[in-house]
Amino acid sequence: MIAKKSDKALNIVKSVKIFATSANLTRKDVDVGLIYTDKDTVSSAVFTKNSVKAACVLYDIELLKENRNIKAVIVNSGNANACNSNGFEAIDAVTTSLSGKLNIDKNQIFVASTGIIGEDLPYEKINASLDKLISQTDNSSDLFAESIMTTDTVKKQYALECSFLGTRFNIGAVVKGAGMIHPNMGTMLSFIVTDIKISQKMLDSALLYAVNHSFNRISVDGDMSTNDTVFIMSTQEAKNDKIVDENELYRFFEDNLTNVCTNLAKMIVKDGEGATKIAEIVVVGAIKEKDAEKIARGVSNSLLVKTALFGQDPNWGRILDAAGYSFEHLDVQKLNMFIGDNLVFSKGKSTNFDKKVLQEYMKNEEIEILIDLGVGACTYNMWFSDISYNYVKINAEYHT
């Protein structure tokens, strides 16, 4: 069993074509992207848990109830198509036009948007760009990854070439996201392609597991978006026996899908708006996983912890405080806390750690925090960024 990182991304699957162009929605060179395959697919998606959902999210939820053979994904940046007056009108106009140009059914087109909330989507600009979009010949993922960026500073892509007992399959993905990132996803869009032969039920299961162990374990600022979407399509081109239950090949696929999503999730945190550090909080020794999760989420979302990280301040008291208000049954007399390799708190009191060593450790770009509750065997981890001066500047001034 081998999984090897590839230089490709969405184009790692042979039949998948990727396109991007400018519809003059933003000042960027490209702001509309398209993923297309002429193969029949099995597709799945996970969406934001925000009660306020963009028109595209509401549309896609209903779309996937009726059809999972998605052949095209069209995405725009610059406008979230959320809380506006023409959301569904825009979707209908774009999918109608695009279906005719690709010669596919409207219900085989998945839509996504990211950008400013509350403004009408100028869909006539998107429709006017479609001929130019589908005439592009560059099949790399780079332009597509750029087309979906908003406050991102880098393109985020990852792919694996996998082999299981002689059967080969591929997984490739892109993601965008830098702010409004919070557990249960944030302002992020991720598009994943694979060629493994798999049933609808098992693809749904694998995606949900992967998202819950990656994108749902990151935090930049505690805000949750209206547009969060993780979408996957399988072209079913691999030569494996179709996965219909939880066999060894399924577990291998699930592990590697999670690997792809985890790498992308960590890229989001590293590119958090104004972020200078990425931290991982691991909580172990809990009676229930939910207990460990509450503490991990509390620490990762604490503004005092985030600002301490930015200031390179080894303030373990802020971490302990966040853990305590996140989980009321925490017993400090049984708790141990590490920052890096440094035991800073043990069973009710501070330890005699070397402050100079710890202060030097806090200069690192990647920080590790471990909390051992000492009462059970369950664990939970999350990745989060610090909060810097630039975070305020970016979010006070950003416009498309």
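What follows draws every value from the coordinates through simple rules; no lab data is involved. Remember, it's a predicted structure, so these values are computed and weren't measured experimentally. Here Cβ is always computed from backbone atoms with ideal geometry, including for glycine, and neighbour counts include all displayed protein chains.
Helix 55-66 and the longest principal axis of the Cα set of the chain meet at an angle near 70°.
Using the alpha-carbon atoms, what tilt in degrees (0 to 90, nearest 10) does helix 200-212 show relative to the longest principal axis of the chain? Approximately 40 degrees, to the nearest 10.
Using the Cβ-Cβ distance between Ser85 and Glu365 with R0 set to 45 Å, the FRET efficiency from 1/(1 + (r/R0)^6) comes to roughly 0.55. Under the classification rounded if a/c is under 1.5, otherwise prolate if a/b is larger than b/c and oblate if not, where does the stretch 278-397 fall, given a ≥ b ≥ c as square roots of the Cα gyration tensor eigenvalues? Oblate shape, in that a/c is at least 1.5 and b/c is the bigger or equal ratio. Placing +1 on the Cβ of every Lys and Arg and -1 on the Cβ of every Asp and Glu, with nothing else charged, gives the chain a dipole about its Cα centre of roughly 380 debye.
Shape verdict for the stretch 26-116, please, from the Cα gyration tensor: rounded (a/c under 1.5), prolate (a/b greater than b/c) or oblate. The shape class here is oblate. Averaged over residues, the count of other Cβ atoms within 10 Å places the peptides 340-353, 85-98 in the sequence 85-98, 340-353, highest first. Looking at the stretch 2-270, the DSSP beta bridges with both ends there are about 70 percent antiparallel. The structure-derived value of mean projected area of the Cα convex hull in nm² appears in the list (i) 28.7; (ii) 19.6; (iii) 21.7 under the label (ii). What the Cα atoms of the stretch 304-368 give is an Rg and a Dmax of 11.9, 33 Å.
For a test of the definition: using alpha carbon positions, the gyration tensor, and the 1.5 limit on a/c, classify the stretch 82-156 as rounded, prolate or oblate. Please list the in-between numbers first.
Numbers: a/c = 2.02, a/b = 1.05, b/c = 1.92.
Cα axes put the stretch 82-156 in the oblate bin.
Each Lys and Arg contributes +1 and each Asp and Glu -1, all at the Cβ; summed about the Cα centre of the stretch 339-379, the dipole is approximately 300 debye. Can you give the angle from 0 to 90° between the axis of helix 316-326 and the longest principal axis of the chain, with both taken from C-alpha atoms, to the nearest 10? Once rounded, the angle reads 70 degrees.
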